[in-house]
Amino acid sequence: MNMLVFLIPVALLLGALGLFAFLWSLNSGQYEDMDGSAWRALEDGDDKPSA
């Protein structure tokens with residue numbers, strides 16, 4: 001029972017920290033262009049034709 005006194009506030013703090021990080025990412029525009037990020041991950045950046 002004594003351990004719950006420690007674990008419950010820690011769990012609430014971690015949950016609040018995760019919620020804060022998610023809200024910060026929404027406000028900073030991390031989810032604005034999801035399709036563009038997917039195409040940039042596949043693009044190799046080599047615009048020259050291979051010889």
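Quickly estimate the mean residue ellipticity at 222 nm for the chain, helices only: each DSSP H run with n ≥ 4 gives -39500 (n - 2.57), and the total goes over all residues, rounded to 500. Present the calculation step by step, with values, prior to reporting the outcome.
Values: 2 runs with 35 residues, N = 51.
Value at 222 nm, helices only, nearest 500: -23000 deg cm²/dmol.
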Explain nothing, just the number: dipole magnitude of the chain about its Cα centre with +1 on each Lys and Arg Cβ and -1 on each Asp and Glu Cβ, in debye rounded to the nearest 20. 420 debye
Helix axis angle, 2-27 relative to the chain longest principal axis, alpha carbon, degrees: 30 degrees
Residue farthest toward the positive end of the dipole of the chain, with Cβ of Lys/Arg at +1 and Asp/Glu at -1: which of Leu12, Asn27, Ala41? Leu12
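Every number here is computed from the coordinates shown, using simple stated rules; none is lab data. Because the structure is predicted, anything quoted here is derived from the model rather than measured. With ideal geometry, Cβ positions are generated from the backbone for all residues, glycine too; neighbour counts draw on all protein chains shown.
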